[in-house]
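The values are calculated or read from the model by the stated rules, or taken from the named source; none is laboratory data. Remember, it's a predicted structure, so these values are computed and weren't measured experimentally. Cβ placement follows ideal geometry from the backbone for every residue including glycine, while neighbour counts extend to all protein chains displayed. Protein only, heavy atoms only, side chains kept; ligands, DNA and RNA dropped before computing areas. Shrake-Rupley method; radii C 1.70, N 1.55, O 1.52, S 1.80 Å.
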Amino acid sequence: MTDLIAALNAPVADRGTGPVRTGTPVSRVDGRAKVTGQAKYAAEHPAADLAYGVVVSSPVAKGRIVSIDARAALAVAGVIEVITHLNRPKIRSFDIAYKDMTAPAGAPFRPFYDDRVFYSGQPVALVVADTFEAARYAASLVELEFETEPFSTKLSANLDRAYKPKPLKAGFEPPPSEKGDFDQAYAAAPVKMDAEFYSGVEHHNPMEMFASTVIRGDDGHLTIYDKTQSSQNSRWYVSHVFGLSKNKVTVRNPYVGGAFGSGLRPQYQLTLAVMAALHLKRSVRVVLTRQQMFTFGHRPETLQRVKLAADSDGTLRAIYHQAIAETSQVEDYVEVVVNWSGLLYACDNIKFDYKVVKLDQYTPIDMRAPGAAHGVHALEIAMDELAYELKMDPLALRLKNYTDKSPADDKPYSSKELRACYALASEKFGWADRPLEPRSMREGTELIGWGMATGVWDAMTMFARASAVLHADGRLVVSSAATDIGTGTYTVMAMIAAEALGLPLEDVTFQLGDSTLPVAPIEGGSSHVSTVGSAVIGACQKLQKTLLKHAQKLTDSPFAKAKMKDVEFVDGQLRLKREPSTAVALTALLNDSGVVRLEEKFLMLPNMLKQRKFRRMVHSAVFVEVRVDEETGTVRVMRVTTAVAAGKIMNLKTATSQVTGGIVWGISQALHEESYTDHQFGRFMNHNLAEYHVPVNADIHAMDVIFANEEDYIVSKLGAKGVGEIGIVGVAAAISNAIWHATGKRLRSTPMTPDKVLLGEP
Ligand code: MOS
């Protein structure tokens, strides 16, 4: 931790001096460490006598490994061992439990368990050498023979095998049972739409490869730098799988170069690196290649069907939303795809259906706004289609069916400033000037279209602990085993603590990314600010109380009768609100009391009894302008204006960055990202960043992010919700709707590539 603390404590101009207020824009406190290379990622931590492991992946999708010939690999100078299912060490819980904290129902994949192969790209051997180069070369020499079996990786060919999954995963709420009578209401309504939607596999592709550096101490203690969204999840997993007690394993992830959900579960390089370190009694690092970044969880291929019906004035009468998604042979990966259709618009007759199909693929995994990114996509295109059937403005249709109670369960929202989002974003975008008819705006060779969509995501809270330590020299160190996957956790937590105690930001350090720190949840579900932030403010408020007690004990204390509500913490001082000149420096308080270190801890437990009475969501309204060249089929997204209601925004700058990143990904989902599976091989073919398209700067034009005024003290004691995921939701739908408005072509599958635009094929 020391190099981390040194880096964070370095005086940096843009950390600012003087008072910090949450809600203002503050540059990231870890920015300097990152741009100067002081921030080390999982594969960058040095260790004496480090060995390097390179993974050999299966080229076949299903079958058995018949033989492994490692002789040529072992003959390469520097190669230490080739580990496979045949010679791996005995692993305690391979035959019993093998779950991580976020595993779905089923039996998780166990690398090197036996000779069975169940997906293309499955790790089948680990070549360990003194150098990375030797290991990489030797890995190319491992000869494998397989006995193959028939397999299927095609969702559309297996729909008859779809089944309702077991809902055994935290965060997954099964679709509610039918409300009212959908079939009757749909049949009776005068205006309706019915359409199918398709979204293919997407891959996370964070810049940092999945990597684990396992550093073995002389006493056998393992210190593991792992790319993960939770050091404690990885620690827990390693302990369980390898039968190592808690104090034998420390996992650290002080810096994570993006994750987007791919680090919610430990990935196989962790298992293999620990396996090798234990086997060889040596420090080992395993880094996946970019190609291997396509060999673990992905956003699942999903087919959807949405039916909507309305009265001729636009009143929604019936909603049906069905989804069929892929899962693996070993686990039921489940996500919330269809439920959103019961959470946004008033409607008395709502019916859902959600099923999964087992394919010979790896288990999918959550990817930014899992379920909503494509579920809300279908709903919001469907709403646009219905608006045109009604000859109604698409925004007017949303407003017509606006609701302050969640339609699915009649619970009030804890807060919902969606109406303000519509107003703010449409005004800024200039939506009122939009002609209703498609193909009515043109400039030169390009058709221009304006589209909009609503976004929705959960406002989750979990439980967390935090510790806050005020040192006699005035430094405040707050800690929790939280994670910063690039989202701004370091910065926001430091801001919350600095504001609470009236300290300049540079005197506050937030420590995270270490499994030995106070318990924190996995960084996922946009819940870190509301959860860990609430633990941080809780610990700081306890410090405030203790400091007041110390102040009251001063000789002839002017604070003797003061209550918490009478004092404030400003400029490093505790002072009386009504008489600010009556003040004492926190450092003086500690020194006078002879305290060198004042520590308070806080356990944040969400008030479930209160929370469950409400629907807790974040909302957004997205407006986009596209330009479509009909001769080439190219689409350019010229402007995106989004307004987000996500409770109190703690750091305007990092929150804006989160939403901006979400918009960029929405454009990517809409126009670029496409994974090609060759079903003859059962393999993703474009497994590299040259052929798996993501947007570049030239694809991104104006983006405008607005935050609606919202504070929600039911969700968190900070009034905050979360902004990590809402930014992507609805963006691709708004683009599809804008393409319709430009061209009169309705595209219901992603990505909306030039061929579809040219041919008008959905
Ligand atoms: Mo997020 S997909 O919960 O990391």
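Volume per residue of the convex hull around the Cα atoms, evaluated for the chain, comes out as 167 Å³. When the residues 317, 285, 398 are ordered by accessible surface, computed with a 1.4 Å probe over the protein chains alone, the sequence from largest down reads 317, 285, 398. Treating r as the C-beta distance of residue 475 and residue 116 and R0 as 60 Å, the FRET efficiency rounds to 0.65. Helices that extend 20 Å or more along their long axis by alpha-carbon positions and average at least -1.0 on the Kyte-Doolittle scale are, among the DSSP H runs of the chain, 372-390, 528-552, 652-671. Full extension of the chain segment joining residue 147 with residue 177 gains 6.3 nm, where the gain is 0.36 nm per residue of separation less the Cα-Cα distance. Remark on residue 706: its backbone amide H falls under 5 Å from those of 642, 643, 644, a criterion applied only to residues 5 or more positions apart or on other chains, H modelled at 1.01 Å from N. Relative to the Cα centre, the charge distribution of the chain, modelled as +1 at Lys and Arg Cβ and -1 at Asp and Glu Cβ, gives a dipole magnitude of about 2280 debye. Note on the chain: with neighbouring protein chains present and a 1.4 Å probe, carbon and sulfur make up 52 percent of its accessible heavy-atom surface. Label sites at residue 402 and residue 312, each approximated as a point 7 angstrom past Cα along Cα to Cβ, lie 2.6 nm apart. The orientation-averaged projection of the convex hull spanning the C-alpha atoms of the range 335-410 amounts to 6.4 square nanometres. For the range 160-244, what is one quarter of the convex hull surface built on the Cα atoms, given in nm²? One quarter of the hull surface, i.e. the mean projection, equals 10.9 nm². With helices as the sole contributors, the chain gives -7000 deg cm²/dmol at 222 nm; each DSSP H run of n ≥ 4 counts as -39500 (n - 2.57), and the sum is divided by every residue. Summing Cβ point charges (Lys, Arg +1; Asp, Glu -1) relative to the Cα centre of the range 660-711 gives a dipole of roughly 240 debye. Scanning residues 5 or more positions from residue 335 or on other chains, none has an amide H under 5 Å from its amide H, with H placed 1.01 Å from N in the peptide plane. For the range 605-762, the gyration tensor built on C-alpha atoms gives a prolate shape. Its axis ratio a/c (a ≥ b ≥ c) is at least 1.5, and a/b is the larger of a/b and b/c. Using the Cβ of residue 186 as centre and a radius below 10 Å, the other residues enclosed give a net charge of +1, where K and R count +1 and D and E count -1.
For chymotrypsin sites (Phe, Trp or Tyr not before Pro), the sites in the range 639-693 that DSSP calls loop and that have at most 14 other Cβ atoms within 10 Å are 676, 681. Mind running the shape call on the range 607-651? Use the C-alpha gyration tensor, a ≥ b ≥ c as the square roots of the eigenvalues: rounded below 1.5 for a/c, prolate if a/b tops b/c, oblate otherwise. Prolate. Heavy-atom accessible area for residue 81, with the other protein chains in place and a 1.4 Å probe, reaches approximately 50 Å². Our coupling estimate for the range 75-92, obtained by passing each phi through the Karplus curve with A = 6.51, B = -1.76, C = 1.60 and θ = phi - 60°, is 7, 6, 4, x, 6, 9, 6, 10, 9, 9, 5, 7, 10, 5, x, 5, 10, 3 Hz, Gly and Pro reported as x. Remark: spin-label model distance residue 585-residue 570 equals 1.9 nm, labels positioned 7 Å along the Cα→Cβ axis.
A 1.4 Å probe run over the chain, with the rest of the protein chains in place, finds 37 Å² accessible per residue.
In the complete set of protein chains, residue-level accessible area for residue 362 is approximately 30 Å², probe 1.4 angstrom. Of the whole protein surface, residue 66 contributes about 80 Å² of accessible area at a 1.4 Å probe radius.
Remark: the range 102-119, residue by residue, has Karplus-estimated 3J(HN,Hα) of 10, 5, x, 5, x, 10, x, 4, 10, x, 6, 5, 8, 7, 7, 10, 10, 7 Hz, where x stands for each Gly or Pro and the curve is 6.51 cos²θ - 1.76 cosθ + 1.60 at θ = phi - 60°. Ordered by 1.4 Å accessible area with all protein chains kept, 635, 757 run largest first as 635, 757.
Averaged over residues, the count of other Cβ atoms within 10 Å places the peptides 374-382, 537-545 in the sequence 374-382, 537-545, highest first. Accessible surface comparison of 674, 145, 427, probe 1.4 Å, protein chains only, largest first: the order is 427, 145, 674.
Close amide H pairs (under 5 Å, H built 1.01 Å from N) link residue 29 with 491, residues at least 5 positions away or on another chain. Judged by the ratio a/c of the largest to the smallest principal axis of the C-alpha gyration tensor, the range 391-434 counts as oblate, that ratio being 1.5 or greater while a/b is no larger than b/c.
I want the antiparallel fraction of DSSP beta bridges within the range 132-270, as a percent rounded to 5. Counting only bridges with both partners in the range 132-270, antiparallel ones make up about 55 percent. May I ask you to derive the FRET efficiency for residue 578 and residue 713 from their Cβ-Cβ distance with R0 = 22 Å, giving the value to the nearest 0.05? Calculated transfer efficiency: 0.30.
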